[in-house]
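Colleague: Sharing a structure with you now.
Bear in mind that the values in this text are calculations on the coordinates, not laboratory data. In this text the structure is predicted, and so the values were computed from the model without any measurement. Cβ placement follows ideal geometry from the backbone for every residue including glycine, while neighbour counts extend to all protein chains displayed.
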Number of protein chains: 2
Amino acid sequence: MPRNDKKMKNSQLYKGSLNTIIMKLLEENGKMYGYEITQKVKGITQGELNITEGALYPALHKLEAEGLLDVEIEKVDNRMRKYYKLTESGQKETVNRLSELEDFIRNMQSLVNPSPKLEF
Amino acid sequence: MPRNDKKMKNSQLYKGSLNTIIMKLLEENGKMYGYEITQKVKGITQGELNITEGALYPALHKLEAEGLLDVEIEKVDNRMRKYYKLTESGQKETVNRLSELEDFIRNMQSLVNPSPKLEF
DNA sequence: TATTATGTATAAGAATCTTATGTATATTTG
DNA sequence: CAAATATACATAAGATTCTTATACATAATA
């Protein structure tokens, strides 16, 4: 009966990174639909990151409301798909978000793996 | 009049990483007090990450309540300091958290910087 | 025929953080 | 010397993001 019994062991660390992930994937692939994004992320992370629908769809709607994404509905095999792509504004913002992500990763690496103290 | 005018441009990306940062610093430095942690993080990240008290102190209290940290109060220069250190349980958990962080960083790098498609 | 996969959606609640305060002492600056 | 800044802890209200659960619907598979 339970339709969704896949265990999400996603650590709290991923919190806050979903928007950046979505925008990066759209920048790379032109247009994608929600379900496709979840599968793509699962593939790239070898099953380690499973985006839940409860997180994904509200995020997509919000990015659209902010004018960063455009949507285009298609019907494939009698099933609805909502393709999202970056707007011009979204493309510019993606550059900023990716830059922030690089800073973030660099900072986290500095914290976790501090450069060894110089000895003389 | 405004006592706290430092701008926190911290992106949402850091959300969820505070506990891991705290535990790693304690693992590295033995014992630290709250204010010291904020200054250390600011230093390591060259001012890019400023932990707010509103995030830090509740996090420390929670880690203590979970049995991962021990606290020890000292008075220095007539000012109170609460030194925190990892419990045994906290040390074990730190290993897990750091492992999770490494996975997280690796996955984010895979997403942002995908290995180029092989061409023949 | 029942389950799994595909596909989108929302609501309730949890977790984490920002912002704004509050309290107190020490040090530095105008 | 008075005011501002630095040091040091604390909490409450609200925002944001996510998990969990549920809902609906069609296609493919067991």
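Colleague: Any idea what % of Cα-Cα pairs in segment A:14-103 are farther than 20 Å?
Modeller: Percent of Cα pairs beyond 20 Å in segment A:14-103: 32.
Colleague: Please find the FRET efficiency linking A:Glu66 to B:Tyr57, where r is the Cβ-Cβ separation and R0 is fixed at 35 Å, and quote it to the nearest 0.05.
Modeller: Approximately 0.60, to the nearest 0.05.
Colleague: Report the local net charge at A:Glu74: Lys and Arg +1, Asp and Glu -1, summed over other residues whose C-beta lies under 14 Å from its C-beta.
Modeller: The answer is +2.
Colleague: Let me know the mean shielding of A:99-109 by other chains, meaning the per-residue number of their Cβ atoms within 10 Å of its Cβ.
Modeller: Neighbouring Cβ atoms belonging to other protein chains average 6 per residue here.
Colleague: Label position 7 Å from Cα toward Cβ: report the copy-to-copy distances for A:Ser115 in nm, one decimal, ordered from shortest.
Modeller: In ascending order, 2.9 nm.
Colleague: Given DSSP loops and a limit of at most 11 other Cβ atoms within 10 Å, what is the longest stretch of chain B that contains no such trypsin sites (Lys or Arg not before Pro)?
Modeller: Result, exposed sites excluded: B:10-116.
Colleague: For a quick check: sort A:Thr38, A:Thr52 by the number of other beta carbons within 10 angstrom, fewest at the front.
Modeller: Ordered from fewest to most neighbouring Cβ atoms within 10 Å, A:Thr38, A:Thr52 come out as A:Thr52, A:Thr38.
Colleague: Given the convex hull of the Cα atoms of the protein assembly as shown, what is a quarter of its surface area in nm²?
Modeller: 21.1 nm²
Colleague: I would also like to ask the following. Take every residue in peptide B:44-52, count the Cβ atoms of other chains within 10 Å of its Cβ, and give the average of those counts.
Modeller: 3
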